[in-house]
Amino acid sequence: MSSNPGDRSDGARDAASQLLARGAADDVRARRAGRAMLDDFFQADAARLDERMRAALASALGAQVAAVEQALRQHAGQALAAAGAGVLAAVLAEGPPRVEAVLRFTGTLQQGALASELAARVGQELLDEAMPPAEAAPDRPALLARLVEHSDARIADSARGLQRALAVRRSAREAERAPDNALPAEFHHQLVWQSAAALRAAFAPHDAPATAALDRALTDAALRSLAGHDEGERAESAAMRLVAALDPPAGDLPALAAQALRESGSLLFCALLAHGLAIDYETVRDMVLDPIADRLWIALRALGFDRASVAHIGLALCDADPRRDVERFADEIGAIMAMTQEAARGALARTRLHPDFREAVLALAQSRPQ
């Protein structure tokens with residue numbers, strides 16, 4: 001311990017400076033926490049995550065970020081070791097996970113669309129898990145199994161592709177890890193570069209040459225991750241390819257979609273509706289997952305679904321999602337069927353806009369005073 005009073009004074013001044021800095025940061029942190037608490041308080045019950053969804057989303061988000069971080073650290077560490085920066089490579093390889101904490105603290109995860117994409121995927125998985133099983137028919141295999149045996153080679157190949165993609169996703173979920181190629185390319189691109197920046201912030205050394213070496217290694221690792229990502233391997237892409245190959249006639253779509261929902265899950269169901277409506281998969285997925293299902297009923301009527309098919313789909317969704325009121329649905333089915341197909345198609349006009357244009361239109365409408 002130093003006996004020099006000047007040393008103690010300098011130490012106290014440094015500690016005071018750190019305390020002031022922490023106090024300023026705490027002010028921002030407390031403001032964010034307060035806003036988040038109030039946002040949650042005023043959130044409508046229908047929009048609030050239940051505990052099961054919250055836990056599943058936290059797990060999916062953590063697994064997705066961890067998978068990207070692990071790949072970046074592995075490849076960057078190899079590049080640093082090859083460049084003679086063994087100490088920095090070891091620090092990068094051995095340090096605890098850092099990316100999710102950095103991205104959460106900075107609000108990056110909340111600002112991007114990644115969390116929304118994962119929430120939709122998790123919502124579909126939970127919906128499908130809760131869906132009552134379809135009644136088994138010994139002499140009639142399930143829809144996807146029949147399509148695998150289809151006489152049209154393109155349909156059969158596409159069905160096998162969807163089976164493989166679903167198996168990969170199911171296996172990853174059971175192992176509590178992120179499935180390969182699970183994200184749309186745009187979101188994967190964002191997450192890779194955000195993760196690289198977070199690793200730089202967490203592990204950058206103080207001297208400029210070493211920082212430059214880390215930057216080069218992280219850049220190379222990010223580009224390698226981007227090059228290896230194949231959006232076409234996503235289960236959603238496989239489902240859309242299958243439906244495009246099948247190209248069901250409009251008259252067959254209601255029965256086929258109802259069957260798909262019960263036997264194969266919401267993913268193929270959404271793909272069938274998206275193909276029939278000629279709109280993107282994500283828009284239909286949002287309609288299907290929304291417990292206030294007005295948009296979905298309009299979409300079904302725009303496709304000419306009859307009363308039996310609408311009832312079949314509505315009851316299946318009410319069985320699987322406790323937020324939906326089966327009595328309310330029963331009261332509304334008369335109004336649903338009173339919509340003409342022409343009126344329903346007109347109501348969906350905005351969904352056919354270019355996605356960026358539609359997003360701008362929605363953002364403008366959302367910003368208007370109530």
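Name the residue, out of GLN259, GLN64, GLN110, whose mean-square fluctuation peaks in a Gaussian network model built on the chain with Cα pairs under 10 Å. In the Gaussian network model the winner is GLN110. Ordering ALA278, LEU353, PRO249 by Cα displacement along the dipole of region 211-370 toward the positive end leaves LEU353 in first place; charges were set at the Cβ atoms of Lys, Arg (+1) and Asp, Glu (-1).
Kirkwood Rh and Cα-based Rg: tell me the resulting Rg over Rh for the chain, rounded to two decimals.
Across the chain, the Cα-based Rg/Rh ratio is 1.07.
Excluding ligands, DNA and RNA, what is the solvent-accessible area per residue of the chain at a probe of 1.4 Å, expressed in Å²? Could you put the intermediate results ahead of the total?
Working: 20710 Å² over 370 residues.
Heavy-atom accessible area per residue stands at 56 Å².
Magnitude of the charge dipole for the chain, about its Cα centre and with charges confined to Cβ atoms of Lys, Arg (+1) and Asp, Glu (-1), is about 580 debye. Per atom type, region 53-187 shows carbon and sulfur on 55% of its accessible surface, probed at 1.4 Å. With an a/c value of 1.5 or above and a/b not larger than b/c for the gyration tensor axes a ≥ b ≥ c computed over the alpha-carbon atoms, region 242-370 is described as oblate. Each residue of region 169-185 is assigned a 3J(HN,Hα), and the resulting list reads 5, 5, 4, 5, 5, 5, 8, 6, 9, 7, x, 5, 6, 7, 9, x, 4 Hz, derived from the Karplus form 6.51 cos²θ - 1.76 cosθ + 1.60 (θ = phi - 60°), x at Gly and Pro. For the chain, the longest principal axis of the C-alpha atoms and the axis of helix 253-263 are separated by about 50°.
Ellipsoid fit via the Cα gyration tensor, region 130-256: semi-axes of 44, 16, 11 Å, each the root of five times an eigenvalue, largest first. Choose one answer from VAL102, VAL87, VAL288: the residue with the largest mean-square fluctuation in a GNM of the chain with alpha-carbon springs under 10 Å. Comparing VAL102, VAL87, VAL288 in a Gaussian network model of the chain, the most mobile one is VAL87. Packing, as the average of other Cβ atoms within 10 Å across residues, places the peptides 336-348, 235-247 in the order 235-247, 336-348, highest first. Report, in degrees rounded to the nearest 10, the 0 to 90 angle that the Cα long axis of helix 326-338 makes with the longest principal axis of the chain. Compared with the principal axis, the helix lies near 60 degrees. In the elastic network of the chain, a GNM with C-alpha springs shorter than 10 Å, the most mobile of ALA16, ALA93, ALA134 is ALA16. This model, with +1 at the C-beta of Lys and Arg and -1 at the C-beta of Asp and Glu, gives region 308-361 a dipole about its Cα centre of some 240 debye.
Across region 70-86, computed HN-Hα scalar couplings (Karplus, 6.51 cos²θ - 1.76 cosθ + 1.60, θ = phi - 60°) run 4, 5, 5, 5, 5, 6, 5, x, 5, 5, 5, 4, 5, 8, x, 9, x Hz from first to last residue, x flagging Gly and Pro. On full extension, the segment bounded by ARG328 and ALA15 gains 106.4 nm, given 0.36 nm per residue less the C-alpha separation. For region 234-240, putting each phi into the Karplus relation 6.51 cos²θ - 1.76 cosθ + 1.60 with θ = phi - 60° gives couplings of 5, 4, 4, 5, 5, 5, 5 Hz, in residue order, rounded to whole numbers and with x for Gly and Pro. Element breakdown for region 197-284 at a 1.4 angstrom probe: carbon and sulfur atoms account for 54% of the accessible area.
Considering only ASN181, ALA227, ILE155, and ranking their Cα positions along the charge dipole of region 153-262 that arises from unit charges at the beta-carbon of Lys, Arg, Asp and Glu, the one farthest toward the positive end is ILE155. Each peptide in 264-275, 197-208 receives the mean, over its residues, of other Cβ atoms within 10 Å, and ordering these scores from highest gives 264-275, 197-208.
The values are calculated or read from the model by the stated rules, or taken from the named source; none is laboratory data. Small disclaimer: the values here were computed from a predicted structure and weren't measured. With ideal geometry, Cβ positions are generated from the backbone for all residues, glycine too; neighbour counts draw on all protein chains shown. For accessibility, only protein heavy atoms count, side chains too; no ligands or nucleic acids. Shrake-Rupley method; radii C 1.70, N 1.55, O 1.52, S 1.80 Å.
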